[in-house]
Amino acid sequence: MAKAMGLSKILAAGVGILTVSSVCGLVMMAVVYKIQIDKFPPVSPPPPIRPTVIPTDPPSNFRLPDNVIPESYKVFIQPYLYSAITNNYTNQSFAFTGNSTVRVKCMTHSKTIFLHAQDLNVTTVEVRQSDTNEKLTVNRYKIHQNESNFFEIQLEDIMSGNGTYYDIFTTFEGELFDGLEGFYVSRYTENVKAKEEEEEEEDEYKERLLATSLLQPTNARKVFPCFDEPALKAVFQITVLHRPGTVAISNELGDPKTTEIDGEEWFETIFEETPIMSTYSLAFTVSEFESKMMSSVTKIHIHARREAFSVDRADYALEVTAKILDHYQITFGSKYPLRKIDQIALPDISVGATENWGLISYPESGLLYDKSTGSTFDQERVATLIAHGLANQWFGNLVTMRWWNDLWLNGGLTTYMSYIGVEAVGWNFRDLFVLRETQTAFQVDSLNSSHPLSSQENDIQTFSEITGLFDAITYSKGAAVLRMLAKFMTEEAFMKGIKNYLAKFEYQNTEYKDLLDCLQEETKEDVEGFMSTWIEQVGYPVITIITQTGETTQEHFLLKQKQGHDIAWQVHIRHMTDRESEKKPVTLKVKGPVKLPSFQLQDRDEWLLANIDCTGYFRVNYDEENWNNLRIQLERNHNIIPTINRGQLIDDAFNIARAHRLNITIALSLTKYLVNETEYIPWDSALKNLDHLVLMFDRSEVYGPITKYLRKLITRLYEHFEEYTINGTVPEKHTDQYNQVNAISVACSNGLAICTEMARSLFEKNKNETNKFRMHPNLKKEIYCSVIANGDEDDWEFAWEEYQKATDAAEKDKLRYALSCTKEIWLLNRYLQYTLEPSKIRKMDMVSTINYIAKNVAGQPLAWDFVRGHWSYITQEYGAGVVSLGSLLDAVTKRFSTEVELQELKQLQSEQEEKKQGIAARALEQAIERTEANIMWVKENKQMVKDWFVGEL
């Protein structure tokens with residue numbers, strides 16, 4: 001037993017020793033392993049080699065992929081159009097053919113190329129490597145028949161990335177439509193006998209045709225396959241083949257030469273290479289037009305029908321262009337980069353002016369001015385449109401927004417700068433900015449269906465979404481917030497920032513923050529902090545001030561009250577009292593309520609006025625006591641309050657009342673002082689708002705008292721200008737000229753006998769050939785309207801004949817407006833039918849003519865029924881004029897204030913949705929929202945409005 005115990009102990013000790021030795025060995029091995037691992041770390045085995053995946057599917061959205069980037073285009077275009085109708089009309093052709101070579105830089109290995117093409121028949125596609133001229137095999141190509149308009153090219157071979165260059169060659173065929181978009185045909189008449197100087201025979205007017213382009217915003221793809229996005233800039237060399245007797249013009253200077261094709265003589269005009277630019281800035285025109293040039297550092301040409309030059313209608317445009325161009329170059333600190341600027345007066349165009357680089361197109365009345373027949377308003381319009389078109393050469397062409405979501409960088413800046421541009425030729429409209437831009441933007445921006453200045457890129461994809469941005473928000477609000485910013489940081493600092501912006505980003509694309517960064521360099525103020533909500537958020541605030549306590553709040557202002565967004569704007573408030581002309585500005589950064597001592601009045605008879613000169617993009621509401629004190633001040637001595645604010649007080653009060661935030665009688669009471677007012681701004685502001693009451697009630701018993709009040713109110717103003725009017729003259733001051741027209745318009749339309757008699761007298765004198773121009777052109781539009789409104793069929797027929805005979809576009813516009821003033825239903829219906837016939841009413845004038853008829857209470861229901869009945873025709877045939885369809889819907893539905901009218905609007909919307917048409921969708925939504933607001937407002941205020949007007953008689 002003892003021996004066994006001894007053996008067990010020995011065995012146990014041996015096991016223990018072995019165990020300890022094993023553990024020590026393992027530890028030693030771990031240590032050695034760690035040392036070796038630290039010295040020689042392991043290397044992972046190489047991953048298995050997988051083939052590179054070359055994407056071939058279309059992009060998931062409507063944006064082009066970035067695998068290839070365009071650098072240059074060589075485009076040949078050959079329109080087969082004859083400018084004159086040949087004896088054998090079957091020879092006439094509305095086709096064009098062409099070819100394009102676009103050089104691209106390939107950024108990633110690719111077997112697929114996506115660019116844009118629409119309404120084209122692409123007949124050949126070749127892809128070659130630029131350096132070696134090696135031809136790649138094209139498997140297939142197709143145009144996607146959806147809103148993407150993608151032109152897809154699938155290759156057998158792989159294009160090498162890393163910046164390798166390739167040339168994409170296409171041949172294509174297209175048609176010259178008359179839809180005022182892409183490359184289209186336009187018609188006009190020419191005095192043939194006069195041209196041929198056959199004096200013994202009567203003049204004969206014959207039809208002539210021209211081909212011209214409108215590629216903004218996304219219509220370049222309708223002319224040739226291209227990368228049709230604003231950031232995909234390239235240089236272009238354009239060659240146009242055109243018929244003998246015609247002239248081709250494009251963005252750059254061209255050299256025409258004769259050539260022979262299939263036994264026929266043609267002209268080939270090869271244009272110089274353009275600067276790097278976006279596709280939408282490209283332009284070309286082929287016509288028999290003549291031109292007039294002004295010699296200067298930059299060659300300035302005006303192109304128009306031959307007759308325009310026979311009465312020197314182009315002279316004013318030449319003079320204005322030279323002065324404004326020089327003014328901009330100094331103001332912007334940036335030279336106009338092209339050697340020439342062509343401006344052409346087109347008989348058909350769907351926009352006010354195009355913003356093509358070096359070739360700007362205008363409607364005839366927007367470029368040509370006849371000194372003998374034109375009004376000062378016609379002259380002003382020419383100067384304003386040219387100032388806008390030239391500003392686009394810098395803001396839009398030299399520096400371009402990256403994507404359409406920042407279109408306001410083009411539209412807002414050009415609108416703001418046009419007010420500076422016209423000063424170079426003697427027009428000072430800065431005081432009119434609030435009437436024309438701020439108040440215009442306020443109306444649209446007070447709707448839930450408005451949109452912010454800058455949206456997310458992904459929110460703006462389709463053609464209808466892009467064209468929907470060409471509205472008062474982009475142009476007028478864009479300009480208004482820039483005016484506000486200039487005042488916030490000083491105009492001098494603002495303009496220095498603009499110079500920096502142009503210098504830093506010339507020939508490039510920008511986002512709005514790039515502009516703010518350049519402006520920030522010139523001021524200590526926080527530019528982005530101040531501007532971000534004005535740009536990124538929809539709408540604007542109403543600032544409510546309780547003057548007894550100084551309590552101040554801000555709230556999203558909406559006509560139809562829903563829950564607005566909860567983000568506070570940074571509001572810079574300039575203000576004054578009856579004791580101080582201007583106090584130190586106050587900045588409100590929170591929604592409130594907050595107590596601001598500057599806004600607290602000590603005396604109950606004092607008044608406070610906020611937003612001096614309406615430099616801020618907001619409305620102001622006060623307690624009733626302050627409104628009353630401001631009214632008393634207006635009635636005692638209105639000159640104490642700045643002119644712009646006299647207009648803005650009225651506009652704020654009426655619109656705040658429309659939003660159910662103020663009693664309508666307070667707004668109405670502010671108009672009473674106008675019997676002593678002669679300035680244009682407050683009068684025009686008041687008349688626009690009173691006109692809204694007319695629209696709401698001119699089909700009801702309230703209209704009678706309104707008419708009587710307006711006659712009473714306008715009489716003294718009419719008498720103020722009566723001597724000028726009777727003598728057929730106008731006052732010297734431009735705003736007085738506007739107010740003279742206002743006085744005639746309101747007095748005659750509301751039945752003031754001395755006005756209607758005067759109008760008839762001047763009209764009859766004007767019919768007498770010996771006194772042809774006795775009536776001043778400023779007065780014609782309203783005189784014609786009054787006579788036709790109170791006249792008979794003979795007066796209408798006379799005006800229609802005069803319209804057909806008139807050769808001056810501005811004179812035709814006055815007569816076209818006047819024809820809409822008749823109260824005869826059958827004549828209005830006939831006139832509406834004429835808008836379907838381009839030989840009677842030009843296509844470009846279709847929408848505005850319907851708008852004029854809708855303004856007439858007798859014509860409004862006719863116009864609405866007409867638009868609904870011809871909606872498909874209007875949207876399909878009007879082409880690029882979809883930009884104007886918003887104004888059409890706005891005009892024909894302004895009076896809508898009943899449930900029946902609301903249901904008709906919703907039915908049209910439903911029909912649009914069923915057809916999956918997004919055309920003018922936002923404008924339709926805005927019309928519905930406004931109608932709903934009108935219904936509610938009329939229901940609540942009709943009796944109160946009637947009682948107030950009756951009480952004032």
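Below, the figures for the structure above:
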item	result
Residue tally, condition open to solvent by less than 10 Å² (accessible area, probe 1.4 Å), touching a residue at least 40 places away in the same chain (Cβ under 8 Å) and in contact with a Gly (Cβ under 8 Å, 6 or more places away or on another chain), over the range 684-697	1
Identity of the residue in the range 267-289, of a type in the set (S, T, N, Q) and in a strand (DSSP E or B), that ends up surrounded by the fewest Cβ atoms within 10 Å (Cβ to Cβ)	T269
Single residue of K712, K672 found to be touching a residue at least 24 places away in the same chain (Cβ under 8 Å) and over 30 Å from N611 (Cβ atoms)	K712
Some residue of the range 49-71 being modelled with pLDDT under 55 and among the aromatic types (F, W, Y)	no
Every pair of residues 6+ apart whose Cβ atoms lie under 7 Å, when the first sits in the range 63-75 and is more than 21 Å from T97 (Cβ to Cβ) while the second is among the hydroxyl-bearing types (S, T, Y) and in a loop (DSSP other than H, G, I, E, B)	N67/T108
Qualifying residue in the range 405-423 (condition: surrounded by fewer than 22 Cβ atoms within 10 Å (Cβ to Cβ), part of a helix (DSSP H, G or I) and touching a His at 6+ places or on another chain (Cβ under 9 Å))	yes
Per-region count, the range 133-169, residues within 22 Å of Q461 (Cα to Cα) and of a type outside the set (A, V, I, L, M)	10
Test: residue in the range 672-679 that is within 33 Å of the chain's Cα centre (by Cα) and within 18 Å of I744 (Cβ to Cβ)	yes
Breaking point among (1) surrounded by fewer than 22 Cβ atoms within 10 Å (Cβ to Cβ); (2) of a type in the set (F, W, Y); (3) part of a helix (DSSP H, G or I), for Y336	(3)
In the range 599-637, residue farthest from G412 (Cα to Cα) [restricted to those that are surrounded by fewer than 22 Cβ atoms within 10 Å (Cβ to Cβ) and basic (K, R)]	R604
Hits in the range 298-328 - residues which are of a type outside the set (G, A, S), open to solvent by 40 Å² or more (accessible area, probe 1.4 Å) and either outside any loop (DSSP other than H, G, I, E, B) or within 18 Å of A391 (Cα to Cα) (or both)	K299, R306, D315, E319, K323, D326, H327
Enumeration of residues in the range 710-737 that are of a type in the set (S, T, Y) and surrounded by fewer than 21 Cβ atoms within 10 Å (Cβ to Cβ)	T715, Y724, T729, T735
Residue check for T373: touching a helix residue (DSSP H, G or I) at 6+ places or on another chain (Cβ under 6 Å) and either among the β-branched types (V, I, T) or at pLDDT 95 or above (or both)	yes
A383, sole failed condition from (1) under 18 Å from V425 (Cβ atoms); (2) in a loop (DSSP other than H, G, I, E, B)	(2)
Selection within the range 221-253 - among the small types (G, A, S) and in contact with a helix residue (DSSP H, G or I) (Cβ under 9 Å, 6 or more places away or on another chain)	A234
Boolean, L674 is part of a helix (DSSP H, G or I) and either surrounded by fewer than 20 Cβ atoms within 10 Å (Cβ to Cβ) or in contact with a helix residue (DSSP H, G or I) (Cβ under 7 Å, 6 or more places away or on another chain) (or both)	yes
Candidates F309, F271, F224, filtered to the one that is touching a residue at least 40 places away in the same chain (Cβ under 8 Å) and under 31 Å from the mean Cα position of the chain (by Cα)	F224
Qualifying residue in the range 640-657 (condition: over 21 Å from T438 (Cβ atoms) and open to solvent by 10 Å² or more (accessible area, probe 1.4 Å))	yes
Search result, residues across the range 892-909 that are within 27 Å of the chain's Cα centre (by Cα), open to solvent by 20 Å² or more (accessible area, probe 1.4 Å) and free of Cβ contacts under 8 Å to residues at least 60 places away in the same chain	K906, Q909
Top-ranked residue in the range 249-266 [being at pLDDT 95 or above and closer than 20 Å to T298 by Cβ; ranked as surrounded by the most Cβ atoms within 10 Å (Cβ to Cβ)]	S250
Matching entry among G751, G728 (being under 23 Å from P777 (Cβ atoms) and in a loop (DSSP other than H, G, I, E, B))	G728
Residues that are in contact with a Ser or Thr (Cβ under 8 Å, 6 or more places away or on another chain), buried (at least 17 other Cβ atoms within 10 Å of the Cβ) and either part of a helix (DSSP H, G or I) or free of Cβ contacts under 8 Å to residues at least 60 places away in the same chain (or both), drawn from the range 526-554	I535, G550, T552, T553
Residue check for A503: open to solvent by 50 Å² or more (accessible area, probe 1.4 Å) and among the small types (G, A, S)	yes
Residue tally, condition open to solvent by less than 70 Å² (accessible area, probe 1.4 Å) and without any contact (Cβ under 8 Å) to a residue 40 or more places away in the chain, over the range 138-151	2
Within the range 579-593, tally of residues that are among the β-branched types (V, I, T) and in contact with a strand residue (DSSP E or B) (Cβ under 6 Å, 6 or more places away or on another chain)	2
Evaluation of V787 against (1) at pLDDT 95 or above; (2) open to solvent by 30 Å² or more (accessible area, probe 1.4 Å) (one fails), failing number	(2)
Residue match in the range 380-388 (condition: out of contact with any His (no Cβ under 7 Å at 6 or more places or on another chain), of a type in the set (D, E) and either more than 19 Å from R313 (Cα to Cα) or touching a residue at least 40 places away in the same chain (Cβ under 8 Å) (or both))	yes
Evaluation of N639 against (1) under 34 Å from the mean Cα position of the chain (by Cα); (2) under 21 Å from H575 (Cα atoms); (3) not hydroxyl-bearing (S, T, Y) (one fails), failing number	(1)
Qualifying residues in the range 555-585 (those that are in contact (Cβ under 8 Å) with a residue 24 or more places away in the chain and of a type in the set (D, E)) - the one most open to solvent (accessible area, probe 1.4 Å)	D566
Residues (open to solvent by less than 10 Å² (accessible area, probe 1.4 Å) and of a type in the set (S, T, N, Q)) located in the range 351-372	T354, N356, S361
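The values are calculated or read from the model by the stated rules, or taken from the named source; none is laboratory data. The model shown is predicted, which means the values in this text are computed figures rather than measured ones. Quick reminder, even Gly has a Cβ in these numbers, built from the backbone with ideal geometry, and neighbours come from all protein chains shown. Quick note on the areas: whole protein, heavy atoms, side chains included, nothing else; ligands and nucleic acids left out. Shrake-Rupley method; radii C 1.70, N 1.55, O 1.52, S 1.80 Å.
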